[in-house]
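Notes follow the structure.
The values are calculated or read from the model by the stated rules, or taken from the named source; none is laboratory data. Computed from a prediction, not measured in an experiment: that's the story for all the values here. Here the Cβ positions follow ideal geometry from the backbone for every residue, glycine too, while neighbour counts run over all protein chains shown. The protein model used for the area step is the full one, side chains on, heavy atoms only, and it has no ligands, DNA or RNA in it. Shrake-Rupley method; radii C 1.70, N 1.55, O 1.52, S 1.80 Å.
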Amino acid sequence: MELASYLAGERWSDHPACTHPLLAALARLVNDNTSDDNRGELIELVPSIIGLASDDLRVDAQISLRCATTALPVAAAERQLALAVSVLAAEEILCRLDGVPSGRVSERSAWAMAQVPRAAEQARKFSRAARITEKGFRRYAAPNAVQLSVVGIVQACISDPDTLLRELLTEAIADCSALIHGPALPAPRPAAEPATGGDAEDRARPVLRTGL
């Protein structure tokens, strides 16, 4: 994030204004919890994180959701309930912002919750009894979900947490870019080459109309 602030022409800081605060927090956590041998691979992500700033609460919710759904299937049992609650909290905020009935979950969230059925059931009971506010989500729930997710991945019994952390940050950056700048446009199709030969020349030749 310090390199991002430098490239963006800002004062040297690991909290640059050019990046959404929660995305910057995720980047710092991933950097701090990645092994020295693999930290250099994060450098190539720096340019893509510049300019991703927004006050839209959807960005906070999407970052939180990406983190929690990534960590939930691999996290230790003692972290699964908190992560499952984080998934439901982010989905609830998105439902409110989109003006749809509470209880809608994305396909990715449904899959992640299905991997931990007991924690998912407990999380649903807890979420029905508690109502999170937008202010509380931005200030507490979303940052806690990001931190808990990164720690959950680092301490999980998986062979390569570095790769999963890097994938998480890469996907979170893509999520933010799509929300802030819109989805990437497809590459333009190459123009068709003009036809050649007698038929094309005949079609291009003016047609002389004669009276009857």
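Ranked from highest to lowest mean number of other Cβ atoms within 10 Å per residue, what is the order of the peptides 156-164, 52-60?
52-60, 156-164
Cβ neighbours within 10 Å, averaged per peptide: list 64-76, 37-49 in order, most packed at the top.
The peptides rank, most packed first, as 64-76, 37-49.
With all protein chains present, how much of the accessible area of the range 30-155 (probe radius 1.4 Å) comes from carbon and sulfur, to the nearest whole percent?
Result for the range 30-155: 50 percent of the exposed heavy-atom area is carbon or sulfur.
Per residue, how much accessible surface does the range 85-157 expose to a 1.4 Å probe? Answer in Å², no decimals.
59
Taking the mean number of other Cβ atoms within 10 Å as a proxy for protection, how do you rank 109-116, 89-96 from highest to lowest?
Averaged packing, sorted descending, gives the order 89-96, 109-116.
Once you sort the root eigenvalues of the Cα gyration tensor of the range 114-189 as a ≥ b ≥ c, which label holds: rounded (a/c under 1.5), prolate (a/b larger than b/c) or oblate (the other case)?
oblate
Report the far tail of the P(r) of the range 17-151, meaning the percent of Cα-Cα pairs longer than 22 Å.
38
Would you please give the residues with an amide H less than 5 Å from that of L52, counting only those at least 5 places away or on a separate chain, with H modeled from the backbone geometry?
Counting only residues 5 or more places away or on other chains, the set is H20.
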